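Just below is one structure, and these are the notes that go with it.
The values are calculated or read from the model by the stated rules, or taken from the named source; none is laboratory data. Only a predicted model underlies this, so the values are computations on that prediction, with no experimental measurement involved. Cβ coordinates were reconstructed from backbone atoms using ideal geometry, including for glycine residues, and neighbour counts include every protein chain displayed.
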Amino acid sequence: MTNTARLDALLKPELDALKERSLYRLRRILEGPQGPEVTLNGRRYLNFSSNDYLGLAAHPALAEAARRGLNEYGLGSGAAHLITGHSRAHHAFEEELAAFTSRPRALLFSSGYMANLGIASALLKRGDRVLEDRLNHASLLDAGLLSSARFARYAHGDVADLKTHLNEVGSRTLVMTDGVFSMDGDIAPLPELACATEAAGAFLMVDDAHGFGVLGKNGRGSLEHHGLGLDEVPVLMGTLGKACGSFGAFVAGSEALIETLIQSARTYIYTTATPPALAEAGRAALSLLRTEGWRREHLQARIARFRTGAASRGLTLMPSMTAIQPLLVGDSATALALSAALKEQGILAAAIRPPTVPAGTARLRITLTAAHTEAQADRLLDALQAVRPR
């Protein structure tokens, strides 16, 4: 038996087991741009599975900015930021992100996953502690687990439970939390978390992937929503592939924080910089965040109408006031069946199953965007009412 055959013999039973438990994942091939309607295999679908919250992913201003960037810089950056990959476009975007978030500095990363890993590796050492919400995104959990610090989780959104972990003294402690939880759609109790960490001499880091651009009067995210600043939350991470419709991520904070990441974050130092054209597209998106507040207003109106419509049809959504509107199902097979039934009606709503969510909490993760019309959202509600289990 060849090495490949022996490896396949080990892997195939594991894949078969995933299928038997309704946990096997399949990719879909998208034809054309992201939007409230998309084409898959030649058929048009209403799309309620995207994180393109403000409808910017296919905005012509972003495409035009990327084209200008391609003309000026070419495609590849050619090197890591600390070699010759840090372009004028990258630098200008970092300065604009710092100004938008009201922080002294910002630093671009290739993804939110890499940013979170970089933060933990740069700020924590052996003997330190990292405390995380039990429902944090996988990138935060991996960041804590892969750091050399002692790792512990507190109950979801439970500040009292966090305080029991914070009672221990004598070591640097970093508390890491999502601003908006990606599978439940609820917002972290950031003011209470900030008070608890400050009282204990710990530091708070917020991953605002699903809040940045969406929450707050000016779209500055979960921190603006709660009226918090640099002193309460010294480490802020935001992503650019969701509300901003582009790609990448950033960390914003003090001069010392950003310089520490530049010197010590392995996922920043040892990776090729993203294409400068993406930085130019991100700058265009940030400009739209500043000037087109109607997109957030439109999204909030869609969320309110959707929740009202769900209640009137007897559909019980999880308690979320964000663009993420989960319909809890329970078991994975039922979630897959519901998603498939909606697809038959020309609607995409992703079935989310373990290990992404805890066992027994499979769900349809419905995401609304500013680009959806009232009629499209109503069509989804009518379809859900028709296909849900009795």
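Some observations on this one:
- Strands (runs of 3 or more DSSP E) fully within region 115-232 counting 1 or more residues that are surrounded by 24 or more Cβ atoms within 10 Å (Cβ to Cβ) and in the same structural domain as Ala98 (by TED's automatic domain parsing): 129-133, 173-178, 203-207
- Condition broken by Arg44, with the remaining ones in (1) touching an Asp or Glu at 6+ places or on another chain (Cβ under 6 Å); (2) surrounded by 13 or more Cβ atoms within 10 Å (Cβ to Cβ); (3) not hydrophobic (A, V, I, L, M, F, W, C) satisfied: (2)
- When region 79-107 is limited to residues that are among the hydroxyl-bearing types (Ser, Thr, Tyr) and outside any helix (DSSP H, G or I), the one that is farthest from the chain's Cα centre (by Cα) turns out to be Ser87.
- Matching residues in region 328-361 - criterion: being among the polar types (S, T, N, Q) and part of a loop (DSSP other than H, G, I, E, B): Gln345, Thr356, Thr361
- Gln34 falls short on exactly one of the conditions (1) exposed (fewer than 11 other Cβ atoms within 10 Å of the Cβ); (2) touching an Asp or Glu at 6+ places or on another chain (Cβ under 7 Å), and that condition is (1).
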